[in-house]
Amino acid sequence: MTEEVKLATMTAKEQLQPDLDRAVTAVEEALAQAKKAGASAAECAISHSRGLSVSTRLAEVETVEFNQDGSLGITVYRRHKDGSQSKGSASTSDLSPQAIHATVEKADAIARWTEADPAAGLADRELMAFGYKDPSLFYPAPQSPEHAAEVALACEQTMLNTDPRIVNSDGAHYSSHCGFRVYGNSHDFLGHYMSSRQSLSCMPIAKEGDAMERDYAYTIARDPSQLLAPDAVAREAVANTVARLGARSIATCSVPVIFHRDLAHHLFGQFAGAISGGNLYRKSTFLLDHLGKQVFPTWLNIHEDPLLAGGLASSPFDHEGVRTQARDIVNDGVVSSYLLTSYAARKLGMQSTGHAGGIHNWSIRADQKHTTAGLDALCQQMGTGLLVTELMGQGVNLVTGDYSRGAAGFWVENGEIQFPVTEVTVAGNLRDLFANIVAIGDDVDPRHGVLTGSVLVEKMKVAGQ
Amino acid sequence: MKIPTPVAEQLLAPGQLDESMLQQCLHDLAGARIDYADIYLQSSSHEAWVLEDSIVKSGSFSIESGLGIRAISGEKTGFAYADSIDPAALTRAAQAAKGIADQGGDGKAKVLTTVTTHDLYQPENPLSSLSESKKIALLQAMDKHARKADPRIKEVTVSLTGVYEHILVAATDGTLATDIRPLVRLNCSVLAEQNGRRERGSSGGGGRVNYHYFFEPVWLDANEANSEQPRYLSFVDEAVRQALIMLEAKPAPAGTMPVVLGNGWPGVLLHEAVGHGLEGDFNRKGSSAYAGRIGEQVAAKGCTIVDDGTLANRRGSLQVDDEGTPTQHNVLIEDGRLVGYMQDKLNARLMGVAPTGNGRRESYAHLPMPRMTNTYMLAGEHHPDEMIASVKRGIYAPQFSGGQVDITSGKFVFSASEAYLIEDGKLTAPLKGATLIGNGPEAMARVSMVGNDLALDTGIGVCGKDGQSVPVGVGQPTLKIDAMTVGGTE
């Protein structure tokens with residue numbers, strides 16, 4: 001068995017290898033061209049992805065799509081008399097030497113028009129991930145339309161036959177992709193790694209009287225053996241959907257709120273936005289000057305692990321070639337790191353934290369006293385309040401922290417779910433929301449770059465009838 | 001020569017393709033027992049210039065070209081694409097796409113016949129309509145204007161983007177259509193600061209025009225002579241105005257109350273609450289709250305909603321959709337009664353109706369589906385002042401930042417970026433954090449007054465569906481909805 005898996009790995013990797021080799025050559029070629037054109041610095045990247053996705057609906061195959069993407073993007077810097085640089089970027093999907101040449105020329109021409117910017121430039125050489133280790137993000141997976149259809153059909157069959165209230169379907173969807181990322185710059189750094197990803201989702205439609213409701217469930221993993229079984233995905237989707245039937249609004253109130261694990265990552269995603277360099281140097285965040293300050297309760301920690309094997313947000317270097325490293329983002333509730341690109345770092349007089357391109361696997365950790373065993377216990381702890389299982393709309397203002405989003409979920413009394421709720425909003429300010437987290441469930445959702453369980457917040461304004 | 005020279009030169013010549021090879025590829029596809037197949041060729045150039053901290057600090061340019069081939073058998077679709085346009089890519093993609101077929105088809109593609117299209121916008125490259133130095137000067141002038149407007153303006157970001165796109169569609173039903181599509185957009189965003197409080201405001205616009213559009217004079221005040229300025233400065237003024245108003249804004253109330261929506265961009269409500277639910281795919285599948293309701297009263301009397309892809313120079317307009325069907329003026333709801341859905345070819349065929357010119361795709365790498373173009377409600381007879389005066393306690397919302405809908409339950413949400421409390425028929429405090437939530441059919445039944453001031457948005461809309469983004473337009477007159485849930489904190 002072990003032998004077989006190894007063989008499959010080899011084969012899948014071997015299939016990608018020639019394209020990876022071509023991409024590496026193209027990046028080297030582009031950087032050489034930029035140097036020849038007189039660029040003071042240059043950086044170049046290719047993200048290649050290929051695979052297929054199959055959708056089924058009412059247990060018939062509906063679409064089969066084959067994907068293959070991967071364009072080359074180059075940024076060329078030109079130094080001005082005062083030592084600062086200006087930059088121009090261009091991209092092409094054609095990797096022929098002529099096309100690369102034309103693309104570099106275009107980027108160079110733009111760099112002659114843009115203005116000198118003291119903060120512009122590559123990340124510092126000493127931050128480059130020279131000698132990086134391959135992060136184990138590539139796992140072999142079957143990539144045939146037949147296999148994909150089989151998985152999606154199995155999921156939908158269960159979904160359609162589990163509950164009589166499921167009267168229709170928005171289908172099941174399976175996709176499997178693999179690819180690589182190549183990044184190089186004029187510090188002579190050139191890095192690349194392969195990765196894979198597969199996912200399965202389904203969306204049943206339930207009806208009772210005139211009202212229809214839909215919901216979904218999904219599984220996603222780099223390693224196909226880590227995917228949930230089609231049957232389990234279908235059952236979760238059906239349970240989610242029928243539970244919504246009969247949903248109604250509630251009277252406007254201020255109550256404790258639980259953010260279900262499926263969407264609790266949004267809260268920390270908004271925190272990430274609020275401490276990211278771009279918003280900091282633009283003064284467009286309510287967490288300006290909050291490094292070293294208390295934002296969360298003292299028992300809450302956020303740890304980042306960029307090299308988690310199979311992690312959905314793992315990578316050995318960021319989009320500027322900067323070595324990623326494990327770090328505390330929040331320590332005892334205090335912000336211990338901003339999320340900086342080299343550009344934002346220079347604007348703020350700091351150093352890049354390796355966050356060009358986003359965060360890398362956060363785990364949200366509470367101490368033992370504030371970790372609750374599962375969602376049911378968290379509801380018990382809440383007593384009476386709203387369990388939010390869906391958020392809608394864009395009502396988050398990171399400049400002010402004002403938060404008001406459409407929500408659906410369940411009304412909870414004495415720790416027990418009473419009825420489904422819809423057409424309400426949950427509102428407050430993120431500053432209060434973060435500070436007033438009461439407990440975190442141990443029901444960690446493995447399907448995100450942010451690993452968190454359900455989150456109980458002391459109080460929010462719920463607007464309804 | 002059925003293919004116009006500029007399109008042939010852009011899409012066919014570089015890869016040494018010609019019309020006969022497209023026809024042959026379609027014959028091969030049809031021969032594989034396929035009901036319908038099409039080839040989509042696309043080449044687009046895109047540029048973006050960004051000013052921040054008073055310097056034009058980044059510029060980018062990209063060219064994307066490729067082909068997508070779709071083969072349909074019954075309700076099944078096979079789809080493959082390639083990021084190059086040449087005979088080998090054509091053959092490879094066709095082979096992959098037709099793997100789906102296992103039934104039907106008469107095995108012969110119709111002879112390609114050119115589709116007659118509209119003449120809605122000029123087939124000229126906006127990227128070259130202005131020199132690079134003038135593009136940069138434009139951004140700098142906007143930055144200066146914003147900073148001069150008020151000392152509380154601390155940050156200014158300006159972006160200018162242009163797209164120039166050639167497309168060609170050839171299908172087994174004989175369709176041969178081409179389009180040359182310019183699209184430009186200019187946006188200004190400012191940050192105002194006062195006593196430690198910071199707020200943003202933003203404004204912008206554009207359309208299927210060239211960059212000279214931004215220099216055209218616009219009236220500041222219709223009643224005053226000589227009060228005109230170039231359009232690009234009006235975007236700056238609007239962004240500054242919004243940011244300064246937000247500095248004074250108080251938390252929005254929470255609860256159900258009457259809401260008056262401003263004209264123009266607030267039409268995003270119609271887009272979310274009604275438009276998506278009337279797209280053919282959701283209705284064929286029965287997953288929309290509006291499915292099977294043609295002929296029924298689904299909105300209050302007085303509400304007539306259309307989707308119109310034929311408006312000259314508009315952001316959401318197209319001469320032909322991405323399946324080669326000429327766009328149309330489609331009435332969706334007439335005096336409150338549901339009269340039509342928006343269709344692409346696949347869903348029209350399966351529902352036994354005609355396509356409506358709404359088959360759109362983000363690019364060659366995406367499958368077409370029914371999408372909106374410019375969606376708006378026709379004007380009524382009420383004066384906006386009279387509508388506000390009729391509200392005892394409620395909200396007036398003239399600007400929105402965006403919305404979202406669940407087409408199955410009909411539930412929608414959208415966020416006001418500018419809103420005011422109405423007390424005893426008068427606008428009082430500006431409000432922040434006002435999110436509106438409702439149910440499409442219910443909200444439309446509660447429309448009690450329709451304004452006489454229909455306006456379309458300034459050309460900023462992007463609509464997302466199944467991971468595909470396309471430019472759209474929205475519009476409406478001022479609307480009064482008798483009861484909506486406002487999600488504030490007070």
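So what are chain B's ellipsoid semi-axes, whole angstrom, largest first, if each one is the square root of 5 times an eigenvalue of the alpha-carbon gyration tensor? Let's see the in-between values first.
On the way: eigenvalues 340, 172, 61 Å².
Taking √(5λ) for each Cα gyration eigenvalue gives 41, 29, 18 Å.
Quick check: from the Cα gyration tensor, does the range B:345-490 come out rounded (a/c under 1.5), prolate or oblate? Provide the component values of the computation, followed by the final result.
Working: a/c = 2.21, a/b = 1.90, b/c = 1.17.
Note, shape of the range B:345-490 comes out prolate.
Taking 23 Å as the cut-off for C-alpha to C-alpha distance, list the pairs among B:LYS57/B:LYS134; A:LYS293/A:LYS461; B:LYS392/B:LYS480; B:LYS432/B:LYS465 that go past it. Before the final figure, lay out the partial values.
Numbers: B:LYS57/B:LYS134 15 Å; A:LYS293/A:LYS461 26 Å; B:LYS392/B:LYS480 13 Å; B:LYS432/B:LYS465 28 Å.
Violating the 23 Å limit, Cα to Cα: A:LYS293/A:LYS461; B:LYS432/B:LYS465.
Per the helix-only calculation at 222 nm, which mean residue ellipticity applies to chain B, given -39500 (n - 2.57) for every DSSP H run of n ≥ 4 and division by its residues, nearest 500 deg cm²/dmol? Provide the component values of the computation, followed by the final result.
Details: 8 runs with 83 residues, N = 490.
Dividing the helical sum by the residues of chain B leaves -5000 deg cm²/dmol.
Expressed as an acute angle from 0 to 90° and rounded to the nearest 10, what is the orientation of the C-alpha long axis of helix B:19-31 relative to the principal long axis of chain B?
Taking the Cα atoms of chain B, the angle to B:19-31 is about 80 degrees.
Two-decimal Rg/Rh of the range B:253-361 from alpha-carbon positions, Kirkwood Rh?
Taking Rg over the Kirkwood Rh, I get 1.00.
Given the convex hull over the Cα atoms of the range A:204-347, what projected area results after averaging over all orientations, in nm²? Before the final figure, lay out each step's value.
Working: hull surface 51.4 nm².
For the range A:204-347, the mean projected area of the Cα convex hull comes to 12.8 nm².
List the aspartates and glutamates whose Cα sits under 17 Å from the Cα of B:LYS426, skipping any in the same chain fewer than 8 residues away.
Those aspartates and glutamates meeting the cut-off are B:ASP385, B:GLU386, B:GLU418, B:ASP482.
Roughly what angle does helix B:231-247 make with the longest principal axis of chain B, taking Cα atoms, 0 to 90 degrees, to the nearest 10?
So the helix axis and the longest Cα principal axis differ by about 50 degrees.
I'm a student and want to see the number: the projected area of the Cα convex hull of the range A:343-465, averaged over all directions, in nm². Could the numbers behind the result be given before it?
Working: hull surface 37.7 nm².
Over every viewing direction, the Cα hull of the range A:343-465 projects on average to 9.4 nm².
Ignoring trypsin sites (Lys or Arg not before Pro) that are buried or in helix or strand per DSSP, and keeping those with at most 10 other beta carbon atoms within 10 Å, what is the longest stretch of chain A between them? Before the final figure, lay out the partial values.
Values: sites that count: A:LYS81, A:LYS133, A:LYS293.
Longest stretch, sites excluded: A:294-465.
Can you give the relative contact order of chain A as a percent, counting alpha carbon pairs under 8 Å and 6+ residues apart? List each step's numbers first, then the result.
Details: 1178 pairs, mean separation 65.6, N = 465.
So the answer I get is 14 percent.
Give me the compactness ratio for the range B:401-463, meaning the Cα radius of gyration over 2.2 N^0.38 Å.
Values: Rg = 13.9 Å, N = 63, 2.2 N^0.38 = 10.6 Å.
Normalised by 2.2 N^0.38 Å, the Cα Rg of the range B:401-463 equals 1.31.
Around A:HIS360, under 9 Å between beta carbons, what's the net of Lys plus Arg minus Asp minus Glu among the other residues?
Values: positive: none; negative: A:GLU304, A:ASP305, A:ASP318.
With Lys, Arg at +1 and Asp, Glu at -1, the neighbours total -3.
Filter the chymotrypsin sites (Phe, Trp or Tyr not before Pro) in the range A:128-230 to those in DSSP coil with at most 16 other Cβ atoms within 10 Å of their Cβ, and list the result. It would help to have the intermediate numbers written out before the result.
Numbers: sites: A:PHE130, A:TYR132, A:PHE138, A:TYR174, A:PHE180, A:TYR183, A:PHE189, A:TYR193, A:TYR216, A:TYR218; in loops: A:PHE130, A:TYR132, A:PHE138, A:TYR216.
Sites meeting the loop and neighbour criteria: A:PHE130.
Please work out how many pairs of lysine residues in the range A:24-145 are eight or more positions apart (or on different chains) and have Cα atoms closer than 25 angstrom.
Numbers: A:LYS35/A:LYS81; A:LYS35/A:LYS87; A:LYS35/A:LYS106; A:LYS36/A:LYS81; A:LYS36/A:LYS87; A:LYS36/A:LYS106; A:LYS81/A:LYS106; A:LYS87/A:LYS106.
Lysine pairs satisfying the spacing and distance rule in the range A:24-145 number 8.
Over the alpha-carbon set of the range A:89-243, divide Rg by the Kirkwood Rh and report the Rg/Rh ratio to two decimals.
1.20
Out of the GluC sites (Glu not before Pro) in the range B:159-238, which ones are loop residues according to DSSP with at most 10 other C-beta atoms within 10 Å? The partial results should precede the final answer.
Working: sites: B:GLU165, B:GLU193, B:GLU199, B:GLU224, B:GLU228, B:GLU238; in loops: B:GLU224.
Sparse-neighbourhood loop GluC sites (Glu not before Pro): B:GLU224.
Using the per-residue mean of other Cβ atoms lying within 10 Å as a proxy for protection, in what order, highest first, do the peptides A:374-384, B:471-481 fall? Before the final figure, lay out the partial values.
Details: A:374-384: 17.9, B:471-481: 26.6.
Averaged packing, sorted descending, gives the order B:471-481, A:374-384.
Helix B:132-149 sits at what angle to the longest principal axis of chain B, using alpha carbons and giving 0 to 90 degrees rounded to 10?
Result, in degrees: 20.
Over the range B:379-490, what is the mean sequence separation of C-alpha contacts under 8 Å (at least six apart), divided by residue count, expressed as relative contact order in percent?
Numbers: 228 pairs, mean separation 30.8, N = 112.
Computed value for the range B:379-490: 27 percent relative contact order.
Could you work out the relative contact order of chain B, using alpha carbon pairs under 8 angstrom and six or more residues apart, expressed as a whole percent? Please report the intermediate quantities before stating the final value.
Numbers: 1384 pairs, mean separation 74.2, N = 490.
Over chain B, the number comes to 15 percent.
Relative to the compact globular guide of 2.2 N^0.38 Å, what is the alpha carbon radius of gyration of the range A:268-344, as a ratio?
Working: Rg = 12.9 Å, N = 77, 2.2 N^0.38 = 11.5 Å.
Cα-based Rg divided by the globular estimate yields 1.12.
Take the Cα radius of gyration of the protein assembly as shown and divide it by 2.2 N^0.38 Å, with N its residue count; two decimals is plenty. If you can, show how the numbers build up before the last one.
Details: Rg = 27.5 Å, N = 955, 2.2 N^0.38 = 29.8 Å.
My calculation over the Cα atoms of the protein assembly as shown gives 0.92.
Can you list the trypsin sites (Lys or Arg not before Pro) in the range B:74-174 that are in a DSSP coil and have 11 or fewer other beta carbons within 10 angstrom? Write out the running numbers ahead of the final one.
Working: sites: B:LYS76, B:ARG92, B:LYS98, B:LYS108, B:LYS110, B:LYS134, B:LYS135, B:LYS144, B:ARG147, B:LYS148, B:ARG152, B:LYS154; in loops: B:LYS108, B:LYS110, B:ARG152.
Passing both the DSSP loop test and the Cβ count: B:LYS108.
Can you bin every Cα-Cα distance in chain A into 10 Å intervals starting at zero and give me the percent of pairs per bin, rounded to whole numbers?
With a bin width of 10 Å, the distribution comes to 4, 17, 24, 25, 19, 8, 1, 0.
Mind listing P(r) for the range A:253-463? All alpha-carbon pairs, 5 Å bins, whole percents.
Answer for the range A:253-463: a P(r) of 1, 8, 15, 19, 19, 16, 11, 6, 3, 1, 0 percent.
Per-residue ellipticity at 222 nm for chain A, helices alone: DSSP H runs ≥ 4 residues times -39500 (n - 2.57), over residue total, nearest 500 deg cm²/dmol? If you can, show how the numbers build up before the last one.
Values: 9 runs with 123 residues, N = 465.
My calculation for chain A gives -8500 deg cm²/dmol from helical runs alone.
Each reported figure results from applying straightforward, stated rules to the coordinates on display, with no laboratory input. Small disclaimer: the values here were computed from a predicted structure and weren't measured. Using ideal geometry, Cβ is built from the backbone for each residue, glycine included, and neighbour counts are taken over all protein chains shown.
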